[in-house]
Amino acid sequence: MKKITILGSTGSIGTQALDVIDRNRDRFSVSALTCGGNAELLSAQIEKFHPALAVCRDRDDARRLSSEHRGVEFLWGEEGLVAAAEAECDILLNSLMGMRGLAPTYHAIRAGHDIALANKETLVTGGNIIMDAVAEEGVAMLPVDSEHSAIFQCLEGNRNKKIKKILLTASGGPFRGWSLEKLKTVTPEMALKHPNWSMGRKITIDSATMMNKGLEMIEAKWLFGVDITDIQVLVHPQSVVHSAVEFCDSSVIAQMGVPDMRIPISVALGYPDRLEFDEAELDFFGAASNLTFEKPDMEVFRCMKLAISASKAGGSYPVVMNGANEVLVEAFLNKRIGFTDIADTIERILDGHDPVSEPGLDDIIAIDKETREKVEREISC
């Protein structure tokens, strides 16, 4: 039986992962759970899954819940996250949002845990140090994002075959086909209505700007050891083909399925086995009967282009790009800036950055903090 730790158990990925675990009680048990502000949901999860350790963002929540759940150790804050990451388990699912996922992932790897990664910012900002640690500790890095899980599945049995390119699919978000001028009218309410997937607020906005696809390209670069120029994005509105790999002989292997995140979660948690999941099947005479593909418009959806440029520049540029984007997405959700201000501001911040060529973990954390402060000053003027 695998012992599972979930960082971010009350979010979209975390709750769906617990649903997978609940359906497979003979295979999995829960070692530790962590939450941000949703302490009430965490309490219900503790009652159902009985972890040995639970972590809250706030100390008051941790102290209150500790009086309600005897026999469970409670911690809080960033130190609590790291302690949960290092605690005994067989596989750690990191479904934290944003840069908060980097340090716990690193510590979990150093503790010898296999990683199920749903926190793309870990590799966007610290890909070099994370993948070096994975190699040194000999742990598995199993992707949870639907696109990266698809690529991982396409490569199973083909690990030593030469790749021509990775084909990374994108739904195109709610504004596919819009002009740059029309994007200036987008409100948070409009951007939060994704046509195919149910996700958290931040990742939904990233999908609308197509920054999410830029981040995924960088993540794929590190996960699969390819150059970012060998990754091609295909806008695929039906979200049936989750991604594909083209090999040196020009043959293409693709992974298809219904858009349900519990499937890639189960692939990661169950690996190398596949878990039964018959709740939804792909309808080849319905949703899969008419599949289309388009080129992304990176002159309109400039965030994707900026992410690619930051990756090519290397060093600390992806850290700055990611940190600026996180602050700007939150500002947009709070109606402090407009939708197209996200890309405009990221570009200015990148242009003014004094890069560090090989940042370590402490450097990355410091650069991220400095970037956030700089962006906040700019949008507050």
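To keep it simple, each residue is scored yes or no on (1) in contact with a strand residue (DSSP E or B) (Cβ under 9 Å, 6 or more places away or on another chain); (2) in contact (Cβ under 8 Å) with a residue 60 or more places away in the chain; (3) not β-branched (Val, Ile, Thr).
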position: ASN325; (1), (2), (3): no, yes, yes
position: ALA331; (1), (2), (3): no, no, yes
position: ALA343; (1), (2), (3): no, yes, yes
position: ASP351; (1), (2), (3): no, no, yes
position: ASP354; (1), (2), (3): no, no, yes
position: GLU358; (1), (2), (3): no, yes, yes
position: ASP363; (1), (2), (3): no, no, yes
position: ILE367; (1), (2), (3): no, no, no
* region 23-38: number of residues that are small (Gly, Ala, Ser), modelled with pLDDT of 95 or more and closer than 16 Å to PHE74 by Cα -> 2
* Only residues that are crowded, with 20+ Cβ neighbours inside 10 Å, more than 19 Å from the chain's Cα centre (by Cα) and closer than 22 Å to HIS236 by Cβ: list them for region 297-336, please. => VAL300, PHE301, ARG302
* Asked: Failed condition for VAL20, given (1) buried (at least 19 other Cβ atoms within 10 Å of the Cβ); (2) assigned to a strand (DSSP E or B); (3) not aromatic (Phe, Trp, Tyr), with all others met?
  -> (2)
* Structure fact -> For region 171-202 the number of residues that are touching a Ser or Thr at 6+ places or on another chain (Cβ under 8 Å) and either buried (at least 23 other Cβ atoms within 10 Å of the Cβ) or not in a loop (DSSP other than H, G, I, E, B) (or both) is 4
* Scanning for something among the small types (Gly, Ala, Ser), touching a Pro at 6+ places or on another chain (Cβ under 6 Å) and either at pLDDT below 95 or in a loop (DSSP other than H, G, I, E, B) (or both), does region 322-340 turn up at least one residue? -> no
* Asked: Pairs, please: C-beta under 7 Å, at least 6 apart or cross-chain, first residue at negative phi and in region 227-242, second of a type in the set (Ser, Thr, Tyr) and in a strand (DSSP E or B)?
  -> LEU234/THR169; HIS236/THR169; VAL241/THR169; HIS242/THR169
* Identify all residues within region 154-187 that are within 24 Å of ASP260 (Cα to Cα), at pLDDT 90 or above and not acidic (Asp, Glu); write none if there are none. => CYS154, LEU155, ILE166, LEU167, LEU168, THR169, ALA170, SER171, GLY172, PRO174, PHE175, ARG176
* Asked: In region 168-187, is there at least one residue being under 23 Å from GLY8 (Cα atoms) and either of a type in the set (A, V, I, L, M) or touching a residue at least 12 places away in the same chain (Cβ under 8 Å) (or both)?
  -> no
* Out of (1) out of contact with any His (no Cβ under 8 Å at 6 or more places or on another chain); (2) on the phi < 0 side of the Ramachandran plot; (3) not in a helix (DSSP H, G or I), what's the single condition that is false for GLY71? -> (2)
* Asked: Is at least one residue of region 84-96 among the acidic types (Asp, Glu) and touching a His at 6+ places or on another chain (Cβ under 6 Å)?
  -> yes
* To do: Could you please find all residues in region 90-133 being within 15 Å of the chain's Cα centre (by Cα), in a helix (DSSP H, G or I), surrounded by 24 or more Cβ atoms within 10 Å (Cβ to Cβ) and not β-branched (Val, Ile, Thr)?
  => GLY101, LEU102, PRO104, GLU121, LEU123, GLY126
* To do: Give the number of residues within region 218-251 that are farther than 23 Å from PHE301 by Cα and either in contact with an Asp or Glu (Cβ under 9 Å, 6 or more places away or on another chain) or not aromatic (Phe, Trp, Tyr) (or both).
  => 9
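Rundown of residues vs (1) in contact with a Lys or Arg (Cβ under 9 Å, 6 or more places away or on another chain); (2) surrounded by fewer than 18 Cβ atoms within 10 Å (Cβ to Cβ), yes/no style:
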position: GLU281; (1), (2): no, yes
position: ILE346; (1), (2): yes, no
position: ILE364; (1), (2): no, no
position: GLU370; (1), (2): no, yes
* Structure fact -> From the option list SER289, SER309, single residue qualifying as small (Gly, Ala, Ser) and without any contact (Cβ under 8 Å) to a residue 12 or more places away in the chain is SER289
* In region 23-56, the residues that are small (Gly, Ala, Ser) and not in a strand (DSSP E or B) -> GLY36, GLY37, ALA39, SER43, ALA44, ALA52
* **Number of the exception - LEU142 against (1) in a helix (DSSP H, G or I); (2) among the aliphatic types (A, V, I, L, M); (3) within 17 Å of the chain's Cα centre (by Cα)** => (1)
* Asked: Scanning region 134-155 for residues that are surrounded by 12 or more Cβ atoms within 10 Å (Cβ to Cβ) and not hydrophobic (A, V, I, L, M, F, W, C), which turns out farthest from GLN16 (Cα to Cα)?
  -> GLU137
* **Index of the failed condition, VAL375 passing every other in (1) more than 22 Å from the chain's Cα centre (by Cα); (2) surrounded by fewer than 17 Cβ atoms within 10 Å (Cβ to Cβ)** => (2)
* Could you list, in sequence order, the residues of region 289-337 that are in contact with a Phe, Trp or Tyr (Cβ under 7 Å, 6 or more places away or on another chain) and small (Gly, Ala, Ser)? -> ALA310
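The values are calculated or read from the model by the stated rules, or taken from the named source; none is laboratory data. Source: prediction; values computed, not measured. Cβ sites come from the backbone with ideal geometry, for glycine too, and all protein chains shown count toward neighbours.
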